[in-house]
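The values are calculated or read from the model by the stated rules, or taken from the named source; none is laboratory data. Predicted, not measured: the structure shown is a model, and the values here were computed from it. We place every Cβ from the backbone using ideal geometry, glycine too, and count neighbours over all the protein chains shown. With ligands, DNA and RNA removed, areas are computed over all heavy atoms of the protein, side chains included. Shrake-Rupley method; radii C 1.70, N 1.55, O 1.52, S 1.80 Å.
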Amino acid sequence: MAVSVHLPSVGMGISEATIVKWLKSVGDRVEAGEAVVEIETAKSTVEVEAPVSGTLSQILFEEDAEVDVGVEIATIEE
């Protein structure tokens, strides 16, 4: 089953963030709670964690892309 990874809300008034660096590649095994991507807002840099364990099957945005909060950024196949 595919599970979406969404860009989280990282603070009040923050509506978008920039993908800084993917810490995992498509095909990599990830564990729930493991950091998969680093994002940056105007106020901070944050690591986004995998919501489930599985294989990173899809990355929907490249590094340096600006993404709105709540948008799906990757998919993990359980």
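Brief remarks follow.
- If the condition is being over 26 Å from residue 55 (Cβ atoms) and not in a strand (DSSP E or B), then the stretch 10-25 contributes 11, 12, 13, 14, 15.
- Test: residue in the stretch 62-70 that is of a type in the set (Gly, Ala, Ser), at negative phi and open to solvent by 80 Å² or more (accessible area, probe 1.4 Å): no
- Search result, residues across the stretch 1-26 that are of a type outside the set (Gly, Ala, Ser), open to solvent by 40 Å² or more (accessible area, probe 1.4 Å) and either more than 12 Å from residue 43 (Cα to Cα) or touching a Leu at 6+ places or on another chain (Cβ under 7 Å) (or both): 1, 6, 8, 20, 21, 23, 24, 26
- Given (1) open to solvent by less than 80 Å² (accessible area, probe 1.4 Å); (2) more than 10 Å from residue 17 (Cα to Cα), number of the condition residue 41 does not satisfy: (2)
- Any chance residue 74 is at pLDDT 95 or above and open to solvent by less than 50 Å² (accessible area, probe 1.4 Å): yes
- Taking the criterion of being aliphatic (A, V, I, L, M), modelled with pLDDT under 95 and within 19 Å of residue 76 (Cα to Cα), the only residue of the stretch 1-46 that qualifies is 1.
- Contact map, the stretch 34-46: first residue on the phi < 0 side of the Ramachandran plot, second residue part of a loop (DSSP other than H, G, I, E, B) and of a type in the set (D, E, K, R), Cβ cut-off under 7 Å, separation 6 or more or different chains; pairs are 36/24.
- Residue list for the stretch 27-38, restricted to those being assigned to a strand (DSSP E or B) and loosely packed, with under 13 Cβ neighbours inside 10 Å: 29
- Qualifying residues in the stretch 9-33 (those that are of a type in the set (A, V, I, L, M) and free of Cβ contacts under 8 Å to residues at least 24 places away in the same chain) - the one farthest from residue 57 (Cα to Cα): 12
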